[in-house]
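The next block holds one structure in the form of structure tokens; read it before the comments.
The values are calculated or read from the model by the stated rules, or taken from the named source; none is laboratory data. What you see is a predicted model; the values in this text were computed from it and never measured. Cβ atoms come from the backbone with ideal geometry, glycine included; neighbour counts cover every protein chain shown.
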Amino acid sequence: MIRISHLTLALLGTLAFAPAAFAQDASTDSASGKRFAIVGGYSLSEPTKNPQIGGVRTNVDGGGAPTLSASWYINDNIAIEAWGAADKLGQRVNTGGGKIGSVDSQPVALSGQYHFRGADTIVRPFVGLGYYEANYSNETLSSGNRLGIENAKGAMATAGVDLNINPTWFARADVRYMQGKPDVKLDGVKVGEAELNPVTIGIGLGARF
């Protein structure tokens with residue numbers, strides 16, 4: 001949670017900077033009518049649940065990774081977004097006795113979004129709903145047993161805000177909640193479900209064209 005607190009401070013800094021930058025860089029151009037946008041950023045992911053696997057209560061640490069997204073705007077307010085982690089998130093698996101293993105995850109998602117207010121408004125909140133999959137890999141246990149976690153699949157909800165710097169560039173902050181129950185196998189035998197339901201907090205810089 002400390003890393004998420006640090007990212008939250010970065011978000012506040014972005015919120016303070018973007019309106020001033022927009023005022024200094026205003027032009028006769030307009031963001032209205034631009035149909036494509038790309039965003040590069042960084043997100044921190046933190047599980048909201050601690051699943052019980054094989055009769056043992058586990059605690060999975062969060063992780064961070066760079067992210068990329070591409071959006072197609074049907075009009076100024078409605079968009080379809082493809083989003084995903086550009087690298088794997090390394091996560092420790094712990095119990096009451098300490099670390100017992102590790103796993104990498106890499107989520108990708110497709111969602112529909114609604115962006116409030118006009119395209120040239122400095123502060124533009126948005127919400128979204130879609131579907132995600134998270135690929136788990138490099139599962140290891142200190143005991144030497146073979147751990148396997150199926151891909152997580154389910155619904156994803158998004159809330160965020162775009163801060164227009166000028167008609168082309170904008171800063172973004174978002175929060176995403178993902179829900180899924182992938183099976184967990186130990187030496188090929190199912191022993192539970194990894195219902196982590198992570199929340200990600202991200203910041204990024206985007207361009208529309």
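Pairs are defined by a Cβ separation below 6 Å, a sequence spacing of at least 6 or placement on different chains, a first member in the range 195-209 that is polar (S, T, N, Q), and a second member that is surrounded by fewer than 21 Cβ atoms within 10 Å (Cβ to Cβ); the pairs so defined are ASN197/THR48; ASN197/LYS49; ASN197/GLN179. Just one of the listed residues (GLY154, GLY160, GLY180, GLY128) is part of a loop (DSSP other than H, G, I, E, B) and of a type outside the set (Val, Ile, Thr), namely GLY180. Among what's in the range 152-166 and is more than 14 Å from the chain's Cα centre (by Cα) and polar (S, T, N, Q), pick the residue that is farthest from ARG124 (Cα to Cα). Residue satisfying both the conditions and the ranking: ASN166. Contact map, the range 61-78: residues that are outside any strand (DSSP E or B) paired with residues that are aliphatic (A, V, I, L, M), Cβ distance under 6 Å, separation 6+ or inter-chain. Pairs shown: ASP76/ALA119. All told, LYS88 meets the bar of being under 17 Å from TYR136 (Cβ atoms), at pLDDT 85 or above and either surrounded by fewer than 18 Cβ atoms within 10 Å (Cβ to Cβ) or not acidic (Asp, Glu) (or both). Beta carbons closer than 6 Å, at least 6 apart along the sequence or on distinct chains, pair a first residue in the range 151-164 that is among the basic types (Lys, Arg) with a second that is surrounded by 15 or more Cβ atoms within 10 Å (Cβ to Cβ) and assigned to a strand (DSSP E or B) for LYS153/GLU133. For beta carbons closer than 6 Å, sequence separation of 6+ or different chains, a first residue in the range 87-99 that is assigned to a strand (DSSP E or B) and a second that is of a type in the set (A, V, I, L, M), the qualifying pairs are LEU89/ALA65; GLN91/VAL60; GLN91/VAL103; VAL93/VAL60; VAL93/ILE100; THR95/VAL56. Regarding the range 117-128, can at least one residue be identified that is among the polar types (S, T, N, Q), out of contact with any helix residue (DSSP H, G or I) (no Cβ under 8 Å at 6 or more places or on another chain) and at pLDDT 95 or above? Yes, that holds for at least one residue.
For residues that are surrounded by fewer than 18 Cβ atoms within 10 Å (Cβ to Cβ) and not in a strand (DSSP E or B), scanning just the range 27-47, find the one that is farthest from the chain's Cα centre (by Cα). Outline the logic, then answer.
The first filter runs over the range 27-47 and keeps only residues surrounded by fewer than 18 Cβ atoms within 10 Å (Cβ to Cβ), leaving 27-30, 32-36, 38, 40, 42.
So of that shortlist, the ones also not in a strand (DSSP E or B) come out as 27-30, 32-35.
Details: SER27: 32, THR28: 34, ASP29: 31, SER30: 29, SER32: 26, GLY33: 27, LYS34: 24, ARG35: 22 Å.
Ranking the qualifying residues of the range 27-47, first place goes to THR28.
Look through ASP120, ASP174 and report the one residue that is part of a loop (DSSP other than H, G, I, E, B) and either among the hydrophobic types (A, V, I, L, M, F, W, C) or in contact (Cβ under 8 Å) with a residue 12 or more places away in the chain (or both). On inspection, the qualifying residue turns out to be ASP120.
Pairing residues of the range 28-43 that are on the phi < 0 side of the Ramachandran plot with residues that are outside any strand (DSSP E or B) and surrounded by fewer than 16 Cβ atoms within 10 Å (Cβ to Cβ), at Cβ distances under 6 Å and at least 6 apart in sequence or on separate chains, gives LYS34/PHE209; PHE36/PHE209. Set side by side, the residues ASP174, ASP183, ASP162 differ, and just one is buried (at least 21 other Cβ atoms within 10 Å of the Cβ), in contact with a strand residue (DSSP E or B) (Cβ under 8 Å, 6 or more places away or on another chain), over 17 Å from LEU89 (Cβ atoms) and not small (Gly, Ala, Ser), which is ASP162. Select from the range 91-130 the residues that are among the hydroxyl-bearing types (Ser, Thr, Tyr) and either surrounded by fewer than 14 Cβ atoms within 10 Å (Cβ to Cβ) or out of contact with any Ser or Thr (no Cβ under 7 Å at 6 or more places or on another chain) (or both) and write down the one among them that is farthest from ARG176 (Cα to Cα). Ranking the candidates gives THR121 first.
In summary, GLU139 fulfils each of the numbered conditions (1) surrounded by 15 or more Cβ atoms within 10 Å (Cβ to Cβ); (2) touching a Lys or Arg at 6+ places or on another chain (Cβ under 9 Å); (3) touching a residue at least 40 places away in the same chain (Cβ under 8 Å) with the single exception of condition (3).
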